[in-house]
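Okay, structure first, notes after.
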Amino acid sequence: EIDEASKTKFIQVDPVIFINTILNNMLSNAIKFSYDDSQIVIRMSSNDEASIFEIQDFGTGMTESQLERVFKTNVNTTTSGTKGERGTGYGMPLVKRYTEAMGGEVTLKSIHKENDADNHGTTFTLKFVHPKSE
């Protein structure tokens with residue numbers, strides 16, 4: 001889903017890092033923690049201030065403990081996916097570090113399946129403020 005305003009906005013990012021590290025990790029996690037025949041929604045919207053990217057899945061969601069650790073580099077954050085897929089635990093800390101290095105911010109909301117059997121999953125949001133035009 002891309003709103004019309006987003007088609008004319010620019011963000012200042014390193015395209016290789018943005019695509020290969022940030023978006024790749026977010027999409028890989030959305031797939032890894034989703035169930036067969038589940039949906040993943042990717043949204044891009046813009047306003048005068050910023051461009052916003054959201055990746056929403058309807059998978060397992062995260063526990064409170066996982067939410068507290070997901071961006072930390074000094075603790076093990078590896079969690080197996082819905083089919084036992086393994087990870088390194090380095091992906092989300094890298095997403096945060098690179099996003100912030102490029103002037104953006106990353107946030108997430110998540111509801112674990114044990115807390116709500118019908119409404120669970122995770123949404124990662126990236127926000128990049130538009131460069132000021134002179």
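The values are calculated or read from the model by the stated rules, or taken from the named source; none is laboratory data. Predicted, not measured: the structure shown is a model, and the values here were computed from it. Neighbour counts are summed over all protein chains in view; Cβ atoms, including those assigned to glycine, are modelled from backbone coordinates with ideal geometry. Only protein heavy atoms, including side chains, enter the accessible area calculation; ligands, DNA and RNA are left aside. Shrake-Rupley method; radii C 1.70, N 1.55, O 1.52, S 1.80 Å.
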So, of the residues in region 31-53 that are at pLDDT 90 or above and hydrophobic (A, V, I, L, M, F, W, C), which turns out to be most open to solvent (accessible area, probe 1.4 Å)?
I42
Quick one: how many residues across region 48-69 are of a type in the set (A, V, I, L, M) and within 16 Å of S28 (Cβ to Cβ)?
2
Residues satisfying the stated conditions in region 89-109, i.e. closer than 18 Å to K32 by Cβ, more than 11 Å from the chain's Cα centre (by Cα) and of a type in the set (G, A, S):
G89
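Taking the condition open to solvent by 60 Å² or more (accessible area, probe 1.4 Å), modelled with pLDDT under 85 and in a loop (DSSP other than H, G, I, E, B), does E114 pass? Walk me through it before giving the result.
Working: open to solvent by 60 Å² or more (accessible area, probe 1.4 Å): yes; modelled with pLDDT under 85: no; in a loop (DSSP other than H, G, I, E, B): yes.
Taking the combined requirement at face value, the residue does not satisfy it.
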